[in-house]
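The values are calculated or read from the model by the stated rules, or taken from the named source; none is laboratory data. All figures in this text were calculated on a predicted structure; none of them were measured in a lab. Heads up, the Cβs are rebuilt from the backbone with ideal geometry, glycines too, and the neighbour counts pull from every protein chain shown. Side chains included, ligands, DNA and RNA excluded: accessible areas come from the protein's heavy atoms. Shrake-Rupley method; radii C 1.70, N 1.55, O 1.52, S 1.80 Å.
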Amino acid sequence: PPVVAICLALITKEVYSSLFIGIVVGGLLSTGFNPIHTVDTVVSDGFISAVSGSAGIFAFLVILGIIVALLNKAGGSQAFGRWAQKNVKTKLGAIIATFVLGVLIFIDDYFNCLTVGSVMRPVTDSHKISRAKLAFLIDATAAPICMIAPVSSWAAAVSEFTEGTGFSGIELFIRAIPYNFYSLLMFVFIIAIILMKFDYGPMQTHELNAVNKGDLFTSKVEAMKDDLNKDTNPHGKVLDLVLPIIVLIASCVFGMIYSGGFFNAEAEGYNNFITAFSNSDASVGLVIGS
């Protein structure tokens with residue numbers, strides 16, 4: 001099934017149908033090519049069990065989407081962007097600010113990309129940083145920081161697959177951090193290219209076009225319509241962005257220790273932060289917190 005899905009994706013350049021056909025092939029193989037049993041297996045043992053097992057993560061991501069919309073509606077993102085434009089004076093400063101903001105918003109990689117992208121885009125544009133470089137900085141920071149942050153949607157996702165390991169989900173997640181070479185080495189790589197002011201390959205082409213020609217896109221693509229700034233509060237303050245994120249992180253930590261039995265006198269983690277946190281159910285705690 002993986003070979004079928006990957007080959008079809010390479011041939012058709014279309015991922016969703018390729019994955020679906022791969023799933024159907026897996027269903028046929030597992031049922032001895034019985035079409036009726038294949039449908040039942042794919043639907044019951046596949047889709048329904050997968051969705052029911054990840055319902056907490058789905059709920060968390062939906063709530064995060066609502067929070068992003070509220071942050072933009074309140075004008076917090078735009079206010080932070082205006083503050084950054086006023087206080088970030090150099091191209092290097094704009095790149096570092098993008099990286100630092102990406103590290104601070106570790107709760108979810110999509111939440112990270114949406115927030116950092118909308119906030120830093122005007123700043124990086126003003127310093128002639130290509131959209132390709134901005135996209136790389138955001139995405140290469142978002143997923144790696146979420147993959148090593150215990151209070152994140154990644155922690156909740158990983159916790160779903162720890163049965164039989166002898167560890168709770170969060171405990172195993174934390175123990176695995178030193179071995180998450182992709183995330184750790186990506187930070188080293190990003191910091192290195194920022195401090196060395198170094199680009200190579202297609203990224204160098206994008207950056208040279210942005211600096212020398214004022215072309216942020218290179219590929220002749222027009223800027224997408226920015227709907228994030230539509231009908232937002234023009235009097236928003238930086239606090240309207242920072243305070244909700246701080247409250248979100250703090251309340252998610254609370255939700256995590258609550259699910260780990262911190263307030264339950266009969267639980268192992270009663271009044272013990274470390275034990276409660278390690279015994280927590282991230283998919284429950286993050287939904288409570290958000």
Q | When the convex hull of its Cα atoms is projected in every direction, mean area for the stretch 247-290 (nm²) | A | 2.5 nm²
Q: Given the options S18, S118, S219, state which has the largest fluctuation in a GNM of the chain using a 10 Å cut-off (strictly under) for Cα springs.
A: S18
Q.
How large is the direction-averaged shadow of the alpha-carbon convex hull of the stretch 19-85, in nm²?
A. 6.9 nm²
(Q) Could you tell me the ratio Rg/Rh of the stretch 155-275? Both radii from Cα atoms, Rh via Kirkwood. (A) 1.14
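When ligands, DNA and RNA are left out and all protein chains stay put, how many square angstrom of accessible area per residue does the stretch 127-187 have with a 1.4 Å probe? Walk me through the intermediate numbers first.
Details: 2790 Å² over 61 residues.
For the stretch 127-187, the per-residue accessible area is 46 Å².
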(Q) From the C-alpha coordinates alone, can you work out the Kirkwood hydrodynamic radius of the stretch 49-180, in Å? (A) 16.0 Å
Q: Starting from the stretch 120-224, pick out the trypsin sites (Lys or Arg not before Pro) whose DSSP state is loop and whose Cβ has at most 14 other Cβ atoms within 10 Å.
A: K197, K220
Q.
Relative contact order for the stretch 133-223: what percent, with Cα pairs under 8 Å and sequence separation of 6 or more?
A. 24 percent
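Leaving out ligands, DNA and RNA, and with a 1.4 Å probe, what % of the accessible surface on the stretch 115-210 is carbon or sulfur?
Values: 3080 of 4540 Å².
Here carbon and sulfur together make up 68 percent of the probe-accessible area.
Given the alpha-carbon gyration tensor of the chain, what are the semi-axes of its equivalent ellipsoid in whole angstrom, ordered largest first, with each equal to the square root of 5 times an eigenvalue? Walk me through the numbers on the way to the answer.
Details: eigenvalues 255, 163, 70 Å².
Those come to 36, 29, 19 Å.
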Q | Most to least packed among 272-281, 65-74 [average Cβ atoms within 10 Å] | A | 272-281, 65-74
Q: Give, as a single signed number, the net charge of other residues whose beta carbon lies under 9 Å from the beta carbon of G56, with Lys and Arg counted +1 and Asp and Glu -1.
A: -2
